[in-house]
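The values are calculated or read from the model by the stated rules, or taken from the named source; none is laboratory data. All values reported here derive from a predicted model rather than from experimental measurement. When we count neighbours, we look across all protein chains shown, and the Cβ atoms used for this are built from the backbone with ideal geometry, even at glycine. The accessibility values were calculated without ligands, DNA or RNA, using every heavy atom of the protein model including side chains. Shrake-Rupley method; radii C 1.70, N 1.55, O 1.52, S 1.80 Å.
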Amino acid sequence: MFRLEDKVALVTGGSRGIGRAVCTTLAGAGAHVIVNYQGNEAAAAETLDQVKAAGGQGEIRQFSVTDSNAADTAIRDIAKAHGRLDILINNAGIAMDQLLLRVSQDEVEQTFSTNVAGAIYCAKAAIRPMMRKKAGRIINLSSVVAELGNAGQAVYSASKAAVIGLTKTLAREYASRGITVNAVAPGFIDTDMTSSLPAEMKEWIVSQTPLARVGTPEEVAAAVLFLASDEAAYVTGQVLRVNGGMYV
């Protein structure tokens, strides 16, 4: 079950954290994985090494998801080179956490450009080759704070809520073309993005989580693998929550 042989998958923001775990998990299931990165080529190359160590094949591809032309060109080239693009994981994202009164216009624009517009640009480009094959999987990374809210994350939570709206709408638009679109909403996961939080904040978050621990990137990747697989063919427009019970 959950095998991806002969499938081509693109993971945006695949150089570290959840994106890296998704890359290695999909590769272990047999997919050819394209590891997208924006600036850290060394980290992307390290992810590719892990993809190969997992028994898979892949490549790295540099482009910024915030650049619609760059995303469109890269995804068109990937589909042409491989004859297909079966799976898109919209994982690239940023967070600039602080109370709303301290948030600048630039921080709002950067967050929405990456988290929302980036997912839109990549999905738009990926849908074309998927429509030609009459099959495809798009999985968008949202967050528990999109539904729960969290002080100091007004902009980030709003952007991740927008990702859920995008997911549900695309699911309706392209179901008739054999394309499913779902979201995964992680809770507090042990990544670089969360490692910088103060110890007391981490302790408080764990105290609010019924399973009383942080999650791992691999646990999120397992949810992504299910949604990318043939076994999830009748699942679309859904939010799969991987949050230890933080939001139920």
Rounded to two decimals, the Rg over Rh value of the chain from Cα coordinates and the Kirkwood Rh reads 0.95
Region 159-193 to region 95-125: how many Å between their Cα centroids?
16 Å
Nearest 0.05, what FRET efficiency do LEU101 and MET193 give at R0 = 25 Å with Cβ-Cβ as r?
0.65
Hey, what did region 1-145 get for relative contact order, percent, Cα under 8 Å, at least 6 apart?
24 percent
With all protein chains present and a 1.4 Å probe, the order of ARG102, ARG137 from largest accessible area down is ARG102, ARG137
How big is region 34-139 by Rg and Dmax over its Cα atoms, in Å?
15.5, 49
What is the magnitude of the charge dipole of region 127-248 about its Cα centre, with +1 placed on the Cβ of each Lys and Arg, -1 on the Cβ of each Asp and Glu, and no other charges, expressed in debye to the nearest 20?
780 debye
Restricting everything to alpha-carbon atoms, can you work out Rg to Rh for region 186-248 with a Kirkwood hydrodynamic radius?
1.05
Percent relative contact order of the chain, based on C-alpha pairs within less than 8 angstrom and at least six residues apart?
20 percent
Cα gyration tensor of region 159-213 diagonalised, 5x eigenvalues square-rooted, in angstrom largest first, produces semi-axes 33, 11, 9
Judged on accessible area alone, 1.4 Å probe, highest first, ASP230, ASP86 line up as ASP230, ASP86
GNM on the chain, C-alpha springs below 10 Å: top fluctuator among GLY83, GLY215, GLY237?
GLY83
Ignoring any ligand, DNA or RNA, what whole percent of the accessible area of the chain comes from carbon and sulfur when the probe is 1.4 angstrom?
52 percent
Can you tell me the Rg and Dmax of region 133-190, counting just the alpha carbons, in angstroms?
13.1, 44
Given a 10 angstrom Cα cut-off, can you work out which residue in ALA183, ALA95, ALA42 is the most mobile in a GNM of the chain?
ALA42
